[in-house]
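I'd like to ask some things about the structure below.
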Amino acid sequence: MSPRTRRRGPARQSLRVQGWLYTAINPLITALDREQQFLSSGNLTWRRFNRSTEFIQEPEGYLDANGETNLEDCLDDHPKIREALEHHAQLLREAIVAAGVAYDLLMESPPFAEAVRAGQQKYRLQQGERVGRLASDPLDELVPMAAERTVNEIVELSSAYVDWEFWTVARPVVLGAIHDELRPLQAARERLRADSSLILGRLRDLRKQLCNEYDLPPAPLPRF
């Protein structure tokens with residue numbers, strides 16, 4: 001192929017590459033950083049009402065429509081990154097399934113329900129005359145809530161949550177009833193966390209490569 005007919009890539013300071021960087025790669029890096037924080041604490045952000053995750057998503061789910069379009073364009077030129085993102089999405093799906101299985105095991109466990117009841121009793125005693133929220137709620141309402149907190153390995157809750165005082169008191173009692181129910185989930189979550197870290201490194205490397213190759217700043221400059 002002669003020089004005149006050879007396909008040319010984007011030019012230096014290309015608007016197209018800026019689209020890759022500023023609407024796709026940078027938002028993904030920010031989102032995966034946040035994902036790492038959740039996963040490192042054991043929190044998959046799994047929710048029982050839809051049996052899926054709230055704040056951890058497949059990579060494309062972190063982007064708006066423009067970001068998705070620009071990411072797709074970028075991945076056409078970087079197929080290895082596409083493969084990595086698809087693998088990460090699969091690992092998330094596996095972790096979501098594992099969380100659902102763990103939740104179901106806890107819901108079917110009489111020792112777990114008994115531990116929640118004991119935790120409620122301890123909470124009620126500590127409240128004394130100040131009757132707190134959930135002190136007298138039916139067990140069939142508390143067990144699902146406690147099972148979700150356990151699946152996400154929640155240690156502390158903000159006071160904005162209705163069950164924050166209850167969970168602070170009941171958690172040590174509830175955890176005493178846990179044996180092997182969470183192990184498959186923990187393994188799946190760790191695979192997801194480790195993969196998230198690898199993808200973060202690859203995306204940061206790609207950002208640096210594109211910035212050097214096309215003479216672009218890693219973040220858009222303010223317009224005055």
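Percent relative contact order of the chain, based on C-alpha pairs within less than 8 angstrom and at least six residues apart?
Result for the chain is 31 percent.
Tell me the label-point distance for the pair Asp77, Ala160, using the 7 Å Cα-to-Cβ offset, in nm and rounded to one decimal.
About 4.0 nm, to one decimal.
Assuming R0 = 25 Å, can you tell me the calculated FRET efficiency for the pair Gln36 and Asp64, based on Cβ-Cβ distance, to the nearest 0.05? Before the final figure, lay out each step's value.
Values: r = 21 Å, r/R0 = 0.86.
After rounding, the FRET efficiency stands at 0.70.
Now for a different question. Let me cross-check Leu198: its accessible surface, 1.4 Å probe, with only protein heavy atoms counted, in Å² to the nearest 10?
For Leu198, the solvent-accessible surface is approximately 120 Å².
Roll a 1.4 Å probe over the protein chains and send me the accessible area per residue for the stretch 106-224 in Å².
58 Å²
OK, next. Using a 1.4 angstrom probe and counting only protein chains, how large is the accessible area of Asp104 in Å², to 10?
Probe radius 1.4 Å; accessible area of Asp104 about 50 Å².
Moving to a separate point now. Give me, ordered by chain and number, the residues 5 or more places off Ser52 or on other chains with an amide H under 5 Å from its own placed amide H.
Residues meeting the amide H criterion: Arg47.
Relative contact order for the stretch 1-111 using alpha-carbon pairs under 8 Å, separation at least 6, rounded to a whole percent? Spell out each step's value before the answer.
On the way: 60 pairs, mean separation 31.1, N = 111.
Taking the mean separation of contacting Cα pairs over the length of the stretch 1-111, I get 28 percent.
According to a simple spin-label model (label point 7 Å from Cα along Cα-to-Cβ), what is the distance in nm between Leu175 and Met107?
According to this spin-label approximation, the distance is 2.4 nm.
Counting only protein heavy atoms and a 1.4 Å probe, tell me what percentage of the stretch 86-211's accessible area is made up of carbon and sulfur.
Values: 3490 of 6560 Å².
Heavy-atom surface of the stretch 86-211 belonging to carbon and sulfur, 1.4 Å probe: 53 percent.
Continuing with this model, one more query. Kindly write out, for the stretch 161-173 in residue order, the coupling ³J(HN,Hα) from the Karplus curve 6.51 cos²θ - 1.76 cosθ + 1.60 (θ = phi - 60°), rounded to whole Hz, with x marking Gly and Pro.
8, 4, 9, 5, 5, 4, 5, 4, 7, 7, 3, x, 5
Of [x] 20.2; [y] 18.5; [z] 17.8, which one was derived for Kirkwood radius over Cα pairs in Å from the structure shown?
Here Kirkwood radius over Cα pairs in Å agrees with entry [x].
The values are calculated or read from the model by the stated rules, or taken from the named source; none is laboratory data. In this text, all values refer to a predicted model and were calculated from it rather than measured experimentally. Ideal geometry is used to build each Cβ from the backbone, glycine not excepted, and the neighbour counts take in all protein chains shown. The area values use the complete protein model at the heavy-atom level, side chains included, leaving out ligands, DNA and RNA. Shrake-Rupley method; radii C 1.70, N 1.55, O 1.52, S 1.80 Å.
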